[in-house]
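None of the figures in this text is laboratory data; all of them are computed from the coordinates on show. No experiment lies behind these values; they were computed from the predicted model shown. Here the Cβ positions follow ideal geometry from the backbone for every residue, glycine too, while neighbour counts run over all protein chains shown.
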Amino acid sequence: MIKYDKLWQTLKAKGLSEYKLYTYYNVNRSQINRLRHNKNVEVRTIDRLCNILGCKVEDIMEHFPDDGEN
């Protein structure tokens, strides 16, 4: 499972808000909602967030093994 908990920490550290993402940077609100609920998002969205935040992928998302997988 991919979790985006680090995204919210990185946003806070950079002094940005969800509001600024969708008003100033035109990130779609539905994509922000999908991130908030750890649902699938397009790689293009991840790339865009990394560019906006000036960070690496690992600064906004983290992989956790699914139950039952090795």
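Are there any pairs with C-beta distances below 7 angstrom linking a residue in the stretch 1-20 that is closer than 14 Å to L49 by Cβ and touching a residue at least 40 places away in the same chain (Cβ under 8 Å) to a residue that is small (G, A, S) and not in a helix (DSSP H, G or I), with the two at least 6 apart or on different chains, and if so which?
L11/S17
Mind listing whichever residues of the stretch 24-70 are touching a strand residue (DSSP E or B) at 6+ places or on another chain (Cβ under 6 Å) and free of Cβ contacts under 8 Å to residues at least 60 places away in the same chain?
Matches in the stretch 24-70: N38, M61.
Go through the stretch 61-70 and report how many residues are under 12 Å from I2 (Cβ atoms) and either polar (S, T, N, Q) or in a helix (DSSP H, G or I) (or both). Can you show your working first?
Step one: of the stretch 61-70, the residues under 12 Å from I2 (Cβ atoms) are 61-66.
Add one more test, that the residue is either polar (S, T, N, Q) or in a helix (DSSP H, G or I) (or both), and what stays is none.
Residues that pass the stated criteria total 0.
I need the full set of residues from the stretch 11-60 which are closer than 17 Å to M1 by Cβ, crowded, with 16+ Cβ neighbours inside 10 Å and of a type in the set (V, I, T), in order please.
Passing the criteria: V41, I46, I60.
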